[in-house]
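The values are calculated or read from the model by the stated rules, or taken from the named source; none is laboratory data. In this text, all values refer to a predicted model and were calculated from it rather than measured experimentally. When we count neighbours, we look across all protein chains shown, and the Cβ atoms used for this are built from the backbone with ideal geometry, even at glycine.
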Amino acid sequence: MQNDSRTRTRWQHWREMNRQLWRLGLIGVVTLTLMRLALWQLEAPPSLDVPTGEIVSAFWMGLRFDAKIMATLLGPWLLLGTVLLPLPRIVIATWRRLWLVWTIVIMVLVNLLALINHFYFSFYQGPINALIFGLFEDDTQAVLRTIWSDYPVLPLLVVLIGMTGTQVALMRRGQRRQRRRLGWRWASVLAVVSLVALVGLGRGSLGAFPLREMHMAVSSNAFVNDLVPSGPQAFYLAWGEREVSQIDDDPRSGLKRYGFATPMQAASALGWSGLDTPQAVSDRMTEKTPAVAAAERRPPHVVVSLMESWGRPPLDFDDPEHNDLLGRLRPWLEKRADYFPHALSSGNGTHPSLEGLLFDTPITPLTQGRYGYRQYSTSAVAPYEREGYHTVFLTSGSAHWRNLDGALKRQGFDEVLGENAIRERFPEASGSTWGLYDEWMFRYGEALLKEADAKGEKVLLVMLSITNHPPYEIPESYTPAPLDVSRLGDTLAASSELGASILETYQYANDSMGGFLDDLEGAGLMDHTLFAATGDHNTRSLMSYPDSRDLFDQFGVPILMWVPPAYREGGKAQIDDWTSHRDIFPTLWAHSLSNAQVPWVGRDLYTPEASSMALTFNYQDGGEGVMVSKAGAVANLAHPTYYRWSNGLLQAETAPSEALSEQARRARARVGLEDWRIRREAVATKESPKP
C-alpha cells in the first residue's frame, strides 16, 4: 500500500506539471497572437490593401508557429519528467520544483523577444533578422547607449516583469486543488496523449512534412508575410540565417545551393566556354582594364564615400525651397556629376554593404574572426595597391569598429583612420554617440588629398560616414535649410518629431559631402580625381517599405559618380540602367587604372550593356540574392520568387517572362561563382581538376 501511495504521489506531481505546461503553452500562444495583433494595428502601412482572408491566413499560420515554439520550449521538460517517473519520488518532486524556474526563464525569453520584435519591426520595417547580431559585433556600448536614449527601456522592463508575473500566476492558478486519482492505465494514456500532442505541435504537423519557413508565405504582400513570425520564431530564423553565412569546408556548397554542381556548370550558364577545370574557371574570374591614356599620363586620385543610411526613396520628396534634402550637394547630384537612380545596396546593413563593396562577397561577416586573416583576390583595394597608390580607409567613427583596423590592412589598405586620427588634426572636432560629425571626416579627407597631391602621390581614399544614424543629432553650429516632414505624406513611418530629426541628419550629411566636393574643386583637384558616393542601406525608421511593390525601394540607394572628362575615354554614363554597389569599383578601375589586373565583379557604368541588372546579396523572401532589371525582379535566387513590372510597381509573378527567367539563371550563376570563389579562398582548399 505504501508503494502504491508513493506511485500515486509521483503521478500527482507529473499531472500538475502537465496541467501547468499546457496552460502556460496556451498563455504563450495568446500572448504572441496579441503582439501580432498590435504589430498589425500599429505598423501596417496606410496603403495596405489586401483581402481579409490573407490577414486571417497570416494570423492562423502565425498561431501554428507560435504553438510550435511553445511546444519546442516546454515539451522536453515534460518528456524528461516522464522518464524520471520510475525513480524515487523525491526526484520527480525536485524536478517539479525546478519547473517553476524554467517557466520563468522561458516566458522572460518569449516576452523579451516579442517586445524586441515589435520595436525592431518599426525600425527595420521587418521582423528580427541576422542584423540583430550586430549588437555583439558592433560597438556594443554605442548600440546600448542608442537604445537607452531612443527607446523606453525602463517602462519596457516593467512591462516585461508584469507580463511574466501575470503569465506565471495564471499558470499556477488552482494548483493546490485535489484531483481524482488515476489508475496506471489512464495515467499511461494521459502521458502518451500529452507527449504525442507536444510532438505534433513541435513539428507543426502530424503529416509527412513539418511546418517550415516556406509556409510563412501566405500572401504576395511582404508586410502580411512578415506578420507570421513572432519574436521568438523570427530570432530562430535569424540564427539559422546567420549560420548559413558561416563558411564550411566544402567550397562548392554555395554553388550547389544555387543549382550548380560544379563551377564549370555555372560558367557555362554565363556563356563561358572551354573551361573544363575549377582552376580554369578561377582564372577566368580575373579581368584586365582597358588602356586609359589620361591615367598613364597622370594617375588620378580615387575617392569613394559610403554614406550612412543614404537611402534613395527620400530623394523623391526633395524640394529645394521647402524640403531641401541635399544642401550643397544639389549642383553635383542634379547637374555636375552623374546620378544613377536605379541602384541597390549590396547588403542591408553597414558592415554587409561595406564588405560587399570592398570584397564582392555573398558571405558576411567575412573579415571578422579567423577568416579575416586571409587575403582575398576580390579585394577592390588590391589593384590600386599593386599600382603604387597610397590606400587609406577613413571613418568618422572608431577605426576598431568590427575590427576594421586589422582586417582592412590585410586586404590592401595602408592606413585605417578613425575619430582619434581626426581629433589629432582637429582638436576642436565635435561628435555624438557613434563618433565625430561627418564634416570633420570630409575636412580630414580634403587635407589628406591636398597633401598627397602636393607631394605627387596618388591616393585611393575610402570613407565611411556615421552622422545619419540614431540618435540623429547634428552639430549645434549647423543651421538646417528648410525642411517639411509632412511632404512625405503616408509614407512617413515615424513620428513627425523623429522624422524631422532624420531629415536634418540626412540633409547635413549630404551638405557636408557637397562642401567636400566644392573644396576639392576650389583646390584644383577635381580634374584628376574620380569620385563615387553611395549609401550603405536604406534610410531606417523614416519611411515604410510595406510589400513587394517596394522591393526596389527597400534596398534602393543613390550612386553618384564623377569621372573627369579626360578619364572617360569617350564613355557616357548609363544613368537609366539598373545597377548596384557591385558596379562601383569596376567603373573606377576602368577609368583610373590602365591595363591593370582586376577581379571579375561588376561592370563599367560608362559602357552600354544590353540587359543590365542590379544584383545584390540581400536577403528577401526567405533567401539570399535580389535582382532587379527592366524585365522584372527576382528574390531568393536559390528558390526564386519572381516579380513583374505593372504601372511602375512590382507584382508577384508565377509565370516569368523568358527574359526574366534568363536573367535569373545568370544571376544564380554569378552569385554561385562568387560564393565559390570566396569560400574556396577562405578555407584555402585545392579542388580536384576533374569536373
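Quick notes
Yes/no matrix, rows are residues, columns are (1) within 24 Å of Ala614 (Cα to Cα); (2) surrounded by 24 or more Cβ atoms within 10 Å (Cβ to Cβ); (3) in the same structural domain as Ser544 (by TED's automatic domain parsing):
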{"residue": "Thr289", "(1), (2), (3)": "yes, no, yes"}
{"residue": "Ala294", "(1), (2), (3)": "no, no, yes"}
{"residue": "Pro300", "(1), (2), (3)": "no, yes, yes"}
{"residue": "Glu355", "(1), (2), (3)": "yes, yes, yes"}
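- Residue in the stretch 383-400 that is of a type in the set (Lys, Arg), under 21 Å from Asp519 (Cβ atoms) and at pLDDT 95 or above present: no
- Subset of the stretch 36-55 (residues that are assigned to a helix (DSSP H, G or I) and within 18 Å of Val218 (Cβ to Cβ)): Arg36, Leu37, Leu39, Trp40, Glu43, Thr52, Gly53, Glu54, Ile55
- Checking Pro470 against (1) buried (at least 20 other Cβ atoms within 10 Å of the Cβ); (2) outside any loop (DSSP other than H, G, I, E, B), the condition it does not meet: (2)
- Selection from the stretch 296-313 of residues that are of a type outside the set (Ser, Thr, Tyr), under 26 Å from Arg443 (Cα atoms) and either outside any loop (DSSP other than H, G, I, E, B) or touching a strand residue (DSSP E or B) at 6+ places or on another chain (Cβ under 7 Å) (or both): Pro300, His301, Val302, Val303, Val304, Leu306, Met307, Trp310, Gly311, Arg312
- Neighbours by Cβ (under 7 Å, 6+ apart or cross-chain): first from the stretch 526-542, over 17 Å from Tyr606 (Cα atoms) and outside the structural domain of Tyr506 (by TED's automatic domain parsing); second modelled with pLDDT under 95 and crowded, with 24+ Cβ neighbours inside 10 Å: none
- Residues of the stretch 314-332 satisfying the condition of being hydrophobic (A, V, I, L, M, F, W, C) and either touching a Pro at 6+ places or on another chain (Cβ under 7 Å) or part of a loop (DSSP other than H, G, I, E, B) (or both): Leu315, Leu325, Leu326
- Exclusive hit being within 22 Å of Leu190 (Cα to Cα) and surrounded by fewer than 20 Cβ atoms within 10 Å (Cβ to Cβ), set Leu112, Leu87, Leu73, Leu42: Leu87
- Count of the stretch 468-510 residues, restricted to those that are of a type in the set (Ser, Thr, Tyr), within 30 Å of Phe359 (Cα to Cα) and at pLDDT below 95, is 1.
- Only a single item in (1) under 20 Å from Thr286 (Cα atoms); (2) modelled with pLDDT under 95; (3) surrounded by 23 or more Cβ atoms within 10 Å (Cβ to Cβ) is not met by Gln375, and it is number (3).
- Residue check, Gly514 surrounded by fewer than 23 Cβ atoms within 10 Å (Cβ to Cβ), in contact with a strand residue (DSSP E or B) (Cβ under 8 Å, 6 or more places away or on another chain) and in contact (Cβ under 8 Å) with a residue 40 or more places away in the chain: no
- Conditions (1) surrounded by fewer than 20 Cβ atoms within 10 Å (Cβ to Cβ); (2) of a type in the set (Asp, Glu); (3) on the phi > 0 side of the Ramachandran plot: number failed by Asp621: (1)
- Whichever residue in the stretch 566-582 is out of contact with any Ser or Thr (no Cβ under 8 Å at 6 or more places or on another chain), in contact (Cβ under 8 Å) with a residue 24 or more places away in the chain and of a type outside the set (Lys, Arg) and, among such residues, is farthest from Ala295 (Cα to Cα): Asp576
- The residues of the stretch 583-607 that are among the hydrophobic types (A, V, I, L, M, F, W, C), outside any loop (DSSP other than H, G, I, E, B) and in contact with a Ser or Thr (Cβ under 8 Å, 6 or more places away or on another chain), listed by number, are Ile584, Trp589, Ala590, Val598.
- Filter result for the condition that a residue is buried (at least 20 other Cβ atoms within 10 Å of the Cβ) and either in the same structural domain as Arg582 (by TED's automatic domain parsing) or more than 30 Å from Met627 (Cα to Cα) (or both), over Phe359, Phe426: Phe359
- Filtered by the rule that a residue be in contact with a Phe, Trp or Tyr (Cβ under 9 Å, 6 or more places away or on another chain), modelled with pLDDT of 75 or more and closer than 21 Å to Trp434 by Cβ, the stretch 118-132 gives Phe119, Ile132.
- Pairs linking a residue in the stretch 470-485 that is over 21 Å from Phe317 (Cβ atoms) to a residue that is in a loop (DSSP other than H, G, I, E, B), with Cβ atoms under 7 Å and 6 or more positions apart or on different chains, are Pro471/Thr433; Pro475/Ser430; Pro475/Tyr437.
- The test for being over 26 Å from the mean Cα position of the chain (by Cα) and crowded, with 18+ Cβ neighbours inside 10 Å does not hold for Trp578.
Residue-wise test of (1) in a helix (DSSP H, G or I); (2) surrounded by fewer than 18 Cβ atoms within 10 Å (Cβ to Cβ).
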position: Ala234; (1), (2): yes, no
position: Leu255; (1), (2): yes, no
position: Ala267; (1), (2): yes, no
position: Trp272; (1), (2): no, yes
position: Gln279; (1), (2): yes, yes
position: Ser282; (1), (2): yes, no
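- Options Thr534, Thr539; residue that is touching a His at 6+ places or on another chain (Cβ under 7 Å) and either not hydroxyl-bearing (Ser, Thr, Tyr) or not in a helix (DSSP H, G or I) (or both): Thr534
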